[in-house]
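Below is one structure, written out as structure tokens; the observations come after it.
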Amino acid sequence: MSGDGTGGNGTLGDGTGARGFPAFAARRGSRSRGRSWWGRAWADALEDTALDEETLKKGRAHARTGRLGPITVSPGRISTTGHEGDTPFRTVLTLEELDEDAWDSLWEKAAERPGVIEELLAGELPPDLLEAAEDARIRLLPGYGDLEAECDCDAFAHPCEHAAALGYQVSWLLDEDAALLLLLRGRGVREAREEARAALLVQAIVGGVGNEDADVTEAGAANADDVTAEARADAAQLPDGTPAEEVFGREPAALPELPPLPGPPVRQDASPGGVGADPLEQLVADAAVRARELLAFTHGFTAEPPAPLDLWRDSVRIAATRPEPRVLARVREACGRPERLDRAAEAWRLGGRAGLAALEEAWTPPSQDTARASAALTAGWDQGELPELEVTENRWTLVGSGRQLRYGRDGRWYPYRQRDGQWWPIAAPQHDPAEALAELLDG
């Protein structure tokens with residue numbers, strides 16, 4: 001059970017009390033480190049500050065056994081229970097809470113990065129917050145000597161494998177809710193947002209005062225000709241009394257930043273009774289997909305703007321986004337490749353146009369892409385634990401398992417599984433090959 005104002009299912013809570021999370025099930029063959037940016041950063045900090053690599057290795061293995069119980073996270077403290085055979089034990093990790101001055105300094109530095117505050121108020125914990133913490137000379141992630149461990153097992157190693165396992169499982173929790181890191185340092189989400197918003201407001205007020213002072217200084221240093229010109233400008237006013245020069249003499253405002261690229265279109269279910277969907281809704285959905293492709297090109301995610309679809313690709317798009325039986329039957333008759341349509345539609349549903357290309361095209365990626373992928377797949381796996389991979393062009397096959405990763409031209413990794421002698425896409429693509437591999441192994 002969780003404390004007041006929090007959820008026991010790991011959802012984002014606004015309270016500052018303890019939060020409870022259910023025990024993790026066994027994860028055979030899966031990664032032991034977190035997959036998200038904050039999850040990986042926590043695991044890196046844990047490994048950088050530990051003294052015994054052998055204990056960390058045992059901790060990674062123990063974290064995946066499912067023998068640790070529910071986890072409680074509270075300000076400055078993480079705890080769980082577990083068992084070795086018939087012997088129970090309790091493990092606690094403690095992390096020093098930040099004092100009021102440290103929090104004030106953090107929010108002051110964060111306010112200098114408007115994007116950080118914006119994401120925080122939107123419920124995200126941006127990685128740039130770590131830079132703000134460094135500027136404020138405080139730590140969010142544990143440093144050497146920050147993370148203390150206690151365990152009933154009385155093992156000689158420090159931390160013991162149970163404490164190390166708990167540390168790795170915390171990185172999994174951070175995958176789901178990175179704001180737990182703030183709670184560990186002593187701030188609930190609601191309080192953190194209020195303080196961040198207040199710091200941003202103070203910065204805006206102070207910045208405005210500073211600009212006014214600068215204007216006064218410039219006016220005091222102006223010569224007589226400038227004063228005369230200013231007087232003439234004051235004579236020309238807008239209807240509300242605002243000097244015309246103040247409005248029309250301003251520098252043009254910068255264009256707003258591009259909106260973030262939205263996720264792939266949501267898969268639609270067939271209409272009840274086989275009744276077709278509203279044609280207007282389909283047109284709107286098609287326009288949204290086209291807009292996303294153009295936005296991806298504008299952001300630089302694709303080298304060229306999307307080309308018009310040929311008959312086959314348009315048939316696949318319709319089959320993927322309009323699953324009504326009557327529509328599918330007509331598309332299957334007209335596409336010219338009915339035996340390939342189901343797989344192609346599934347690839348489009350999971351990855352759009354690029355997903356279809358990953359299904360149909362084999363190509364040789366640049367050597368630097370292959371090297372980066374190899375390094376990413378190796379990280380987080382103990383020696384001998386990484387499955388054997390056979391690499392052919394852009395396809396990385398897990399030997400003997402009927403599983404495969406495909407590297408798309410869009411820089412994303414597509415998980416595949418073999419079914420009846422054919423390779424089928426099974427999950428949405430990932431930019432991180434290690435995350436895609438974990439998805440493949442967990443699936």
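The order of VAL202, VAL189 by accessible area, most exposed first and with a 1.4 Å probe, is VAL202, VAL189.
Treating the beta-carbon of each Lys and Arg as +1 and of each Asp and Glu as -1, no other charges, what is the dipole magnitude of the range 293-443 about its Cα centre, to the nearest 20 debye?
About 640 debye.
A 1.4 Å probe, protein heavy atoms only, puts the accessible area of VAL284 near 90 Å².
Once you compute Rg and the Kirkwood Rh from C-alpha atoms, what is the Rg to Rh ratio for the range 63-172? That ratio is 1.08, to two decimals.
Students sometimes get this wrong: rank ILE205, ILE318 by accessible area, probe 1.4 Å, all chains present, largest first.
ILE205, ILE318
Placing +1 on the Cβ of every Lys and Arg and -1 on the Cβ of every Asp and Glu, with nothing else charged, gives the range 380-429 a dipole about its Cα centre of roughly 300 debye. Over all other residues within a Cβ to Cβ distance under 14 Å of ASP310, the charged ones net out to +2, with Lys and Arg as +1 and Asp and Glu as -1.
Counted by Cβ distance under 11 Å from LEU93, the other residues give a net charge of -2, where Lys and Arg count +1 and Asp and Glu count -1.
The values are calculated or read from the model by the stated rules, or taken from the named source; none is laboratory data. Every value quoted in this text rests on a predicted model; they were computed, and no experiment measured them. Every residue, glycine among them, receives a Cβ derived from its backbone with ideal geometry; neighbour counts consider all protein chains shown. Heavy atoms of the whole protein, side chains included, go into the accessibility calculation; ligands, DNA and RNA do not. Shrake-Rupley method; radii C 1.70, N 1.55, O 1.52, S 1.80 Å.
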